[in-house]
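Some notes on the structure that comes next.
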Amino acid sequence: MGRVLATVGGVYTVELEDGRRVEASLRGRLKKDARRGDRVVIGDQVRLEEVEDTWVVEGRDERRSAFVRKGPGGRHPKVLVANLDRLFVVVAAREPDPHPEVLDRFLVAGEASGMTPRVVVNKVDLEGARAPAEELATLYREVGYPTLLTSAETGEGVQGFAEALDQGTAALVGPSGAGKSTLLNAVDPALELRTGALSRKTGRGRHTTVNARLLEVATGGWVADTPGFGEVGLWGVEAEELDTCFPEMRALLDECRFRGCTHLHEPDCAVQAAVEEGRIAETRYASYRALMEEASERVAW
Ligand SMILES: Nc1nc2c(ncn2[C@@H]2O[C@H](COP(=O)(O)OP(=O)(O)OP(=O)(O)O)[C@@H](O)[C@H]2O)c(=O)[nH]1
Ligand SMILES: [Mg+2]
Ligand SMILES: [Zn+2]
């Protein structure tokens, strides 16, 4: 048995139980599965066989958990990392400016994968970043998500972040340019991950990290650094269950008059009442509506 640490162009880097790292290829049957979208990904536990100095992945174990998003084209799921214990959604307080809906999409994808995601608001050192960072932290802590403020530049919050990573396997996800790789380098400089400046023209990240990799952190734990993508399309979240992916709504569901309330237009809806009274943030409700619309379109196809 071994665990997949990296996959690049059909070569699978696998750590064996004795700690050896080997490069392996896939057995034909698994390649066929991969073409149908069922890939072997980082974090997967795999069975291997050594045939004259070359290693072949023979099969993969059931996954305990996985972070999944919609694949390109929208017809297949794309599993990013398997067997995760924790998920960190990393955004920048500024540069690039955080978009609540983008952050909420990552959080919902994390919830749908069965995890309690955590939020990291990075780049608090930048001018004018402190206020928006505190605002985000207050909002998401109220929702129930542990939230850290960090700066890879000054080191603020980096030790706390290292402590949050130090057991099991975590993944960092979030927009390109948020500073995921830079933060990991701050925790463990020996990782020497590639980082890249934002595009001057668009103010966005330039997709510096190309392949997700699973890394062992010197201070403890394993972490997957993933490539930032602009929009996470949700996979496998039905419209009817979207409200359960918002912790602050989940708590109110029994109080709506109608069972199966969509919280969009029904009377005596506890969610809409909470939004009006300011107990649910407008931005969170806006994200819910946008995701509901998307989920309903899927059904209509
Ligand atoms: N001022 C400041 N700049 C930071 C901080 N963290 C990262 N940066 C800068 O932000 C830019 C993007 O950082 P990356 O670590 O490459 O971002 P990423 O999230 O890994 O981006 P992708 O790999 O494209 O997904 C780099 O120029 C970093 O130097 C921070 O805390 N403060
Ligand atoms: Mg990166
Ligand atoms: Zn309702």
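The values are calculated or read from the model by the stated rules, or taken from the named source; none is laboratory data. Note that the structure is predicted; figures quoted are calculated from it, not measured. In this analysis, Cβ positions are derived from the backbone assuming ideal geometry, glycine residues included, and neighbour counts consider all displayed protein chains.
Scanning the stretch 208-252 for residues that are out of contact with any helix residue (DSSP H, G or I) (no Cβ under 8 Å at 6 or more places or on another chain), outside any loop (DSSP other than H, G, I, E, B) and more than 30 Å from I280 (Cα to Cα) yields R213, L214, E216, W222, A224. Considering the conditions (1) under 27 Å from V79 (Cα atoms); (2) within 16 Å of ligand 3 (Cβ to nearest atom); (3) of a type outside the set (F, W, Y), T209 is excluded by exactly one of them, (2).
Elements of the type helices (runs of 4 or more DSSP H) sitting completely within the stretch 103-201 and holding at least 3 residues that are away from ligand 2 (no atom under 16 Å from the Cβ) and farther than 30 Å from E241 by Cα: these cover 130-143, 158-165. Does the stretch 239-251 contain any residue that is assigned by TED's automatic domain parsing to the domain that holds Q167, surrounded by 14 or more Cβ atoms within 10 Å (Cβ to Cβ), of a type in the set (A, V, I, L, M, F, W, C) and in contact with a Gly (Cβ under 9 Å, 6 or more places away or on another chain)? For the stretch 239-251, residues assigned by TED's automatic domain parsing to the domain that holds Q167, surrounded by 14 or more Cβ atoms within 10 Å (Cβ to Cβ), of a type in the set (A, V, I, L, M, F, W, C) and in contact with a Gly (Cβ under 9 Å, 6 or more places away or on another chain): absent.
Meeting the requirement of 2 or more residues that are more than 24 Å from the chain's Cα centre (by Cα), at positive phi and surrounded by 17 or more Cβ atoms within 10 Å (Cβ to Cβ), no strands (runs of 3 or more DSSP E) wholly within the stretch 2-46 can be named. Of the numbered criteria (1) part of a strand (DSSP E or B); (2) at pLDDT 95 or above; (3) closer than 30 Å to R105 by Cα, the one E49 fails is (3).
Summed over the stretch 255-288, the residues that are within 13 Å of ligand 3 (Cβ to nearest atom) and either in a loop (DSSP other than H, G, I, E, B) or surrounded by 14 or more Cβ atoms within 10 Å (Cβ to Cβ) (or both) give a count of 23.
Residue check: V237 meets all listed conditions (1) more than 13 Å from ligand 1 (Cβ to nearest atom); (2) without any contact (Cβ under 8 Å) to a residue 40 or more places away in the chain but one, namely (2).
Only a single item in (1) more than 30 Å from G203 (Cα to Cα); (2) surrounded by 14 or more Cβ atoms within 10 Å (Cβ to Cβ) is not met by K70, and it is number (1). Of the listed requirements (1) over 25 Å from G144 (Cα atoms); (2) at pLDDT below 95; (3) surrounded by fewer than 16 Cβ atoms within 10 Å (Cβ to Cβ), T208 misses just one: (3). When you check G205 against the structure, is it in contact (Cβ under 8 Å) with a residue 40 or more places away in the chain, assigned by TED's automatic domain parsing to the domain that holds R118, in a loop (DSSP other than H, G, I, E, B) and within 16 Å of ligand 1 (Cβ to nearest atom), yes or no? The answer is yes for G205.
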